[in-house]
Each structure stands twice: as C-alpha cells, then as structure tokens.
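I have placed the structure first, in the form of structure tokens, so that the comments after it can refer back to it.
The values are calculated or read from the model by the stated rules, or taken from the named source; none is laboratory data. Since the structure is predicted, the reported quantities are computational estimates derived from the model, not experimental observations. Reconstructed Cβ throughout: ideal geometry from the backbone, glycine too, with neighbour counts over all protein chains shown. Protein only, heavy atoms only, side chains kept; ligands, DNA and RNA dropped before computing areas. Shrake-Rupley method; radii C 1.70, N 1.55, O 1.52, S 1.80 Å.
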Amino acid sequence: MTLQKSLKYKNVSPFAFRNALRPGILPFLAYLAFMSFVCPFLNFINLQDQFFSIKLNNFYIDKVSHLNQVYIYSIFNDADDSAIFVTAATLIASLLMGICLFRFITSKKTVNVYYSLGIKRTNLFLSRYCAGLVLLFAAIAIPVAVSCIINVFFIGYTAQMLTSALYIIFSIFSLATLTYSVTAAVMAAVGTVIEGIGFTAMIMLIPTGFFYMIELMAQTLLYGSPFLSGYYYDYTRNSVDVGLVMRYGKFNPITYLCKIIDDDCIGQLRVSDIEIYSESPLTQHLHPETAVIWLIIAVVITILAIALYNRRKAEICGFFGTCKALNFAASFVTGIAAFTICIAWIYDRAKAASIISAAVLIILSYIIVNLIFTRSFKKTFRSIYLVGAEYIAAIIVFTIFATGGFGYSSRLPKATEIRSASVSTVAFETALTQDECDAWSYYGSEEYSAFNHTTDEAVLGPYTSFDDIQKVLNLHSKLIRLKSENKENLYNSEIVIHYVLNDGSSMFRYYNYADLEAFKLNLELYETDFFKKALYNNYILNEVEDGVIIDIYFVDMLYENTKTVAVNSAVKTDSFSYMDLTEEQFTQLKKAVVNDLTALSSEQYYTPEKPATGAIVFKSSESLKKYIDGENQVEIKEEELVEYVFNPNTACGESTVFLTPDMVETLAFLEQNGLMGYFTATSADEVESISFLPAVLDKSSANYSRGVAFSLDFYAENEITWYHDKDVLYYQKAHQNTITDKDKINEILQKAHLRYYTGNEGYICRIKYTNGESVRKYIAQEDAPDFVRNYKYLIAEDEVHSGIYIDTPIIGGSETAEVIAVD
Amino acid sequence: MIDIKNVTKNFGSFTAIQDLSFHVDDGMIYGLVGYNGAGKTTLLKSAADVYRPEEGEILIDGENVKDNAKAKQKIFYVPDDLYFLPYSNMEKMAKFYSGYYPHFSFDTFRKLSKLFGLDIKKRLNGFSKGMQRQAELILALSAHPTILLLDESFDGLDPQKRNVVKDLVGEYVKETGTSVIISSHNLHELSGISDRIGLINGKRLALDCGPGEASGSHSKIRVVFPLDFSEDVLLNIEHKKLVKDGKIMTFCSNEPLERIRQKLEDFKPLLLEEFPLTLEERFMEEMEGAEYDFAEIFKV
C-alpha cells in the first residue's frame, strides 16, 4: 500500500440515486398495482362489456366502425369514482414514498452512515428525491400507457387520446410530486417518522379544513350563507358545487386532481352515447394550468425542503416535537378547528355559552397539543402567549361572519341583473320531474320532514321571466327581512336560492330557518311561467335536443307500457283501480290535466276550497316489464322501474293529480267518458267514527324526520303502522275527540281534504271505517265545525319522545282539560 | 491530517464539548479517552460531519470538512452504533460502500474477510455484536480511507480479535499514512496502539500527550515520616490522590521535589522519593473530581 493523499474526488450522486431506488420499491409496487387495477384493468372490463353490448345491437354497428374519428377514448372505467380513488391512492403512495426515502434522517444509526459519506447533503437529498419521483412517475405512466394500448385495440389510435393520456399522467404526477415534496420537506424538519406522516397529512388537509371551517362559520353565523357543501347546480351539464371545498377545488391539493379528471379529460364510453358522439366530435377540455401551478408550488416546496435538509441538525433524530414551527401550526389548526366546531354546534342554542366554550377550547387545545410535543408543562406555559395568535384569528373570522359579512349576506340583486333563479321547494312537494330541477343533489335534504319537504332534486328552476324572478326576489327579500325582524315563530328549514346573473356569475344563498309567511311565498312560485311550462313539459312534451329524444317523461313512459292509468277514490288511499284508456283518451286526459294544473292558482293547488273527490295516479302496474330506451326495448326488473319512476331521486315529485272541483277540464273529460264511476263518494254509513287532533307541529320538528305523522304539505293516507311506537301511542291518545254521530260524520266527510297545505293549523281527522280500515284526512281551520274547533286540545309540553328524535311536544287533550299522560 | 480547532458543540442549552483543539498528523493514531458522556462520540461525529459544531472548525488535510464531499470521501467513520442496510450481508455492504469510496478494494475486502473468518454472504443481522464490529472494520479498511474515525471499535471483540484489529490498524496506518482517531474509555487499550493520547474531561481536552509524556510535570511522591502525623502536614503542598498508610503518605503533585522537601523539612521525613506517573494514574488524577463517596449515598 502507498500513501493516498492524492485521492481523486468521485461524483457519487448517480450511485446514491440508484441506491435510493431500493427503499422506494414497496410503495412503488403497491401504487403500480392499484393504478393498474383502477386504470387498465377496469377499463378493459368496461370496454369489453360496452363493445359486447354494441355488437348485440346492429343499430350501432355502423357507428362503431368510425369511433376513432370522433375520438372517443376511455382512460378510466368510471371517471367520478376513479378520480376519488386515484387521488386518494396518489396522496397515500406519495406520502409513503417520501417516508420510505427520507426516514433515514430520523434514525441516528442511518444518519451516522449517510451524513459521513463523501457526498454533499444537497446531492444526497436530490438523489433520493429524484429516485422517489422516478418511481412515482413510473407507477402512474405505465398503467395509463397500458390503458391507451387497450383503447387502440378497441377504438383505434387517435392523437387526442394520446394528448389526454399525457395530460392525465401529468396531472396525477403533479399531485404526486406535490405530496412527495411536502413529505420530504416535513421529514427534513422533524425528528420522527410519526411526525413526518402527521404533519404531512395536516399540511395537505389544511386547505380543505380551512374551507370547511369557513363554510361552517358562514352557515352558523350568516343568515344567508353563500356556501353549501354538496349542493350542485347544473345548467350546462357541468355540475358546479357551491360548497367552498369543491368550488375552489382547484386551489386545494386534495381536490384539484378530482376536478381535473372529472371535468376535463375522460371520454366515458356508453352505448347510449355513441349516437350522440358520432354526430359531432367530442370537445377536448384540457386545462393544464392547474396542474402546472401545483407543480410549480411543488418545486418551491422542494427548494424549501433542500434548505431545511441542509440546516437540519443530525442530533434531532428520534426526538419528538423538535420543529417549533410545525408544532405551533398543529396547535393553531387544532385550536381554530375546536373553536369553529364549538360555535357551529352550540351557537344556535346558546350564543354566549358557545363563545365562552369556544374560547376555552382554544386554550385547552393549545395546552394539550403542546404537551404532546414538549411533554413539559413548563415549556408549554412558557409559550402560552402564542395562543394569542389563535384568538386574533378566531375573533377576525367570528366578527366577519357575525356581522353578516359586513352586509354581504343581505345583498339582494335587482331583477334586471338576474338571468335566472332557482329556489328549493320547502314544506311542499312539487308536481315536476327531474328535468325541471336544476340541481341533482342537495345537502342535508335526504330527510323527509315536516319543514324540509325537499328531496334530493327539489331545487327548482331556472325561473327566467321577469315576473318569475320578481317572485323569487319577493321570497328572498322576505327571508332577508326575517333576520332583522327576529321573529319567534321561526322554523328550522333549508331554503336555497340561487341566481345566475347577467354577467354569468353565480349568487347563492342558503337559509336554515324561515317563518310560515316565507313558506307561503315559496308556494306562490307555483304561479310562475316556469311552473306552467314545466307542467306542460311534464305531461305533454317529450323534450328533444339535437333531433334526439333525451328523455321520456314518466307519465308517457308508464302509459306506453301499461295502457292504463291508476285512479284512487277518496274512500281509501292505498287502494287503486286502473282505468283502461285508449291512446286518444290518454292524450285527452293529459291535456285536460295539464290545462287544469296550469290554470290553478297556488291557493287552488295547495289550499283548495273544496276537497278532492279522488286522485289520478300515474302508477306502474304489475304487467310493466319493459322499458323503452331509444329504439331498444330493454328488459328490466319491475322493482327497478318502480324505483326509477317513483323514487324522488329520479321522479322528483309526485305523479298524483287530485280531482278538486277546480280541475274543471279533467272532471269534464272523466264525465264525458263515463269514468266518474271510479270515484265513489264515501257515505256516513261506511264510517264508524272520526277522531281529531290539531295539525300543529312544533317548530323544531324539522329535525323530527320520518317520525311525524303529517307534514305541512298534508297527504291523506292509510292509518300509520310504521311510525315510532311513541307516535302510535301519541295518535291513540290524541284521538280522544271522537265523534260517532252520523250527521257530524257526514259534515266532516264533505270537508275532509285528501291533500292540503296546512300552514301549521287545522285538524287531522282519523276516519275509521266499518270494515276496520282507517284513513287520515285533513280539515282546514276555517272549515272546522265548532265541535272540532272548540275542543280543548292540550299540549303536554314537558313530554319528550324517546328514541333519536328531539323534543316534539305531545299534542292531545280531553274535554275535561286533563293533560294526556304518555307512558 | 486532522485539525480540530476550537470546536464547541451544543445540544440545545447543553454544551457537550467546548473550545476543543488538537491535531492528528498523517500516519498518527490518536487515542481519545474520557469517561462516558465526556464528548468523545460528539467529537468524532463532528469530525465526520455528522454533527455541525456551533463554533470552531475541523480541517481534513487543510480543508474544512463541513459539507465538503471531497474531504469526506477521505473519511471512514465507524460509529459505536453500527448500521447495515436492511437484509444485507457483507458483500452487499461492500457494494454499497464501493459506490461512495473511490478506492474501495474488493481484494482487500475478501482478504480481510478471510482473515477474520466471516461469511460475506451471510446476513449481517445474524452476526453477533463482535462479528458485526469486525465486519464494519473490514469494510472500513477496504474503503482505504486516509482518515479513519473509530468510535469504541474494540468493544465487543474478544482479546484475540482485538489484537488482530490493533495490528491491522497499526499496519494500515504504517502503510498508508492514514490519520486515525480511536475513542475509548479503556486507557489500556489505547496506550498500546496510540501515538498520542487525548483526554476529554469537563467538556475540554484535559490532556494531549504521547503515551510516554503522560506524567508531564506531575509526579507521584512517597514520604515516610518518623511519626504517624496527620494529613495536615501536607496543607501547604498542592497535592491530589493522597493515600496514607500509617507513617507512609503517597500523593501526586506538580510541585518540584526540592520544594516539597523544603516544606516537609520540619517533620524530618525518613524517606522522600519521586516516581513518574503512568498514563492510567494521570487519567485517574484528571478524573478525580468524578469520584463518588459511596458511603454518603447510602447514609440514612
């Protein structure tokens, strides 16, 4: 051996890069496997199914031959689901990749070796960073490339498919790079892997958390919040979520990839689409700027990570809570989250208590979080002054929202500024179908309750005429005034008003309570051009777009298959008989119905003077087996069709027409065609007794979903059997005011409505027939005879229902003013 | 050549080593001793650029080691706490180090492995602690560094292997002119191999000398008195490590023998003689402050 003083320097970065590939293998393989399943595998299955279906239908064969000319491509099987899963997998895989490649800096043993090696720290960091990126890129690019090959096999090669594939790879890779860079930066700053995972997750979730907190505060403190997660509107077939998280999804690392995959680049191939697609080429919507911006952010974070890594002290490895900045960020985020959640939960019930509790929670969360990091009361209390920053932030946010956003929430646009408006249906049902609804999802409205009579689709619009918009503005104006009036008779409710202004911008307001006057204004929207057109469309017209029938309304669809129309006499509510009509008769009936419905005022429709003698129900029969899809008859299961037609999710409203005396043309049609025999009046002799109770709901009943036996929009039905035990008892006890006198029974039968908007007054009457059946109908307040009106119905206010429902007072009573005891 | 210049390293508010300086020449083996927690490992890690000192600098052949890839490629640091790649064997580790050390010799690696009788294909996590240490030393020497930093590297080796390692390191230094720093709390171990000894005590370098220079101005004095005097007779003499056995007193002092003789003249000592301190005695003398009064601990 000889003295080796003249050792030559060797660039070891390439070796360090190769060496760093090894620890990333596991997350790489897991990510690759997942992406391969979601992308090429499921896509292959989908394409195979679709093309198998196409081959079965000769109608489409010609179209299939030139699919590639309209550049249909399918990178993922299902864009919506894939977007979520791919985002989640990318986030997790990138985080794990970062942890696997940089965990060496959290162990003393490995640091001893790696830091003493003859390589600059920056080069060591970059070589490992690049190794991780290469693995992530490969795990993304390989499955997408395979999916492209599958496309070529089924559809053929198109340049657009290749562009889209590159766009998808780039978009996913930008998220992977971002997450991976954040992880690397966090790992460079902390001493343990647990912190690396926790802080990375925290940083990535901060925008989402921030949006949710703002939205929560707005919904709690603003009467007329401009945000509502889960509420979508869809004028252009591109749904837009007015929740902050999705509205600003492009500014959120958790959601931007979802938006890209959803919005921009997935040509989902379906049999029914082929005809449409083949007419004109698909437009390619590529907006790479979002991914580019996030990639630039990732680069900035990487530069920060390198700086942190170079400044990192080796001695912190293995020690928890060594990064003061991140510790503070964690306590700040926790404090603000605790503050917001506390305000959101308690503020409506006890304002002062909620503010005090929230303030206490901020300091408590600060102490707890800091104790976790420092494990020292002394250190925690020494830095307690930092909690002041949390208080300042909380006070600013609270002040902004508590003052109505400095008047922002009270702004009412002028009618001339509005292009169109949409309003949720509250406390009543509509007679419209899905296509008259501009929204297909509505947060919090799944529950069917007395004051939220909305279904998933029950935001109606667009109202476009000046008069219609004025009516919406009247309602909106009333709601804004409600805040200042500070009335006591407010009811929990969920009212959505949504405008599209002339400049194309959108204005959204969400109100979580209203009074009965506001509900009435809501009902008046029945008398709008929009409603008339919608009713006409619903019963008469099949909407045509570009020469293609895009939907067949359920009324026609049912008739096409059944050639019958169900009728329901006023005697019993759940028993139907079926009218056999000729096609001509059916057309006449539809015309008569729609003419009547469009001629009715909202009072005539919701609060008719005279009760209906029966109802025509467009309802499926057992013989219904097939359903028309374009030119094909598709065999479907009956229960599926019933669900399709009557499920509020698809039908959006009722299919029942009540035959009040105001339905002049319909009644005339029935009489002319000898069909009135279906509607037999009830005789007093068929009735054994009638019991009454006031149709008054407690204002908190909005939360009493599925537990109440009636809603503001009352519908007659057979005696309940499915309600909560307590409710059954409630009815049993409540029906104390019972009559058996035939004259009185006859008087009630003349006045009992099948359907009526109660306005939270009037009486529910339980008609017990001699055959043992019972039906509940409604007596309007002004129609109620003295023996009903003067009866002393008592409310046992202290009674509380068991089960999950909240404090609905029990209504009952007796002539001796005795309080009804339940249980 | 290693130059440690006024190095101070803090861990938060705790100072591990303070203003520490010494020099290790080419071809020199420098033994670093000190009690547990004295800062030996901190110093070695600082020399390997694992830790970054708050003050001072460490030069390798005249170049600051801080983030200096060229300087660091000359260094092989063998830590006390060994690390091997997951599921690796010696062969894989050799490939790993060969990527980072330009002069890594597989020939040396194979010869040394054979000498120690280690299976290079066997997983390292199946090795005993002593075998792992041998493996790491083999890898270190195969890398042909010009700076070798060994932290407690003889720990866990059996006496025979310990001698082999010592001989090997000695031979390697002789052949290559490598500068070596070996840390240990075992003075005997270092005294046989080191060209120079450094003693870290109280965060500072308390002693920096050759093995034969350990005594320095310090010496051990033995006095025999005609009567059984009390210890007070030494009141005006600077001394440490006093041992009294009847009329005989033995102690260490840095005062010249003649001055001590004059100060004790009144007590008419029968015998007054001076001995040089061994390295161990000097070590113990420096560490005197760390002695415990065990009896005091258990006093109720």
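Below are the figures for this structure:
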read-out	value
Rounded to whole Hz, the Karplus (6.51, -1.76, 1.60) HN-Hα couplings of segment A:336-346, x for glycine and proline	5, 5, 4, 4, 5, 5, 4, 4, 5, 7, 10
Normalised contact order of segment B:219-276, rounded percent, pairs of Cα under 8 Å and 6 or more residues apart	52
Using alpha-carbon coordinates, inclination of helix B:159-176 to the longest axis of chain B, degrees	70
Cα-based equivalent ellipsoid, segment B:2-213: semi-axes from gyration tensor eigenvalues, Å	27, 19, 17
Distant-in-sequence amide H partners of A:Arg419 (H built 1.01 Å from N, under 5 Å)	A:Val500, A:Leu501, A:Asn502
Area hidden from solvent between A and B (accessible, protein heavy atoms only, 1.4 Å, total, Å²)	3600
Cα gyration tensor shape for segment B:106-200, rounded if a/c is under 1.5, else prolate or oblate	oblate
Protection proxy ranking of B:254-261, B:149-156, A:155-162, A:466-473 - average other beta-carbon atoms within 10 Å, highest first	B:149-156, A:466-473, A:155-162, B:254-261
Cβ-placed point charges (K, R +1; D, E -1), dipole of chain B about Cα centre in debye, nearest 20	1320
Nonlocal amide H pairs with B:Ile200, under 5 Å, H built at 1.01 Å	B:Val33, B:Gly34, B:Ala206
Fraction of accessible area attributable to carbon and sulfur, segment B:183-271 (%, probe 1.4 Å)	48
Accessible surface of segment A:324-407 [probe 1.4 Å, protein heavy atoms]: carbon and sulfur percent	77
Over segment B:7-128, relative contact order from alpha-carbon pairs under 8 Å, at least 6 apart, %	18
Residue-wise HN-Hα coupling along segment B:127-133, computed from phi with Karplus coefficients 6.51, -1.76, 1.60 (Hz; x: Gly, Pro)	7, 6, 4, x, 5, 4, 5
Karplus-derived 3J(HN,Hα), 6.51/-1.76/1.60, for each residue of segment A:347-360, Hz, glycine and proline x	3, 5, 8, 8, 4, 4, 4, 5, 5, 5, 4, 5, 5, 5
Between segment A:186-224 and segment B:104-127, the alpha-carbon center distance in angstrom	51
Distance violations [Cα-Cα > 30 Å] among B:Lys45/B:Lys161; A:Lys414/A:Lys590; A:Lys744/A:Lys792; A:Lys108/A:Lys324; B:Lys129/B:Lys174	A:Lys414/A:Lys590
Selected from B:Pro53, B:Pro79, B:Gly31, residue furthest toward positive end of dipole (segment B:28-107; charges at beta carbon)	B:Pro79
For segment A:122-235: rounded, prolate or oblate by the Cα gyration tensor [a/c cutoff 1.5]	oblate
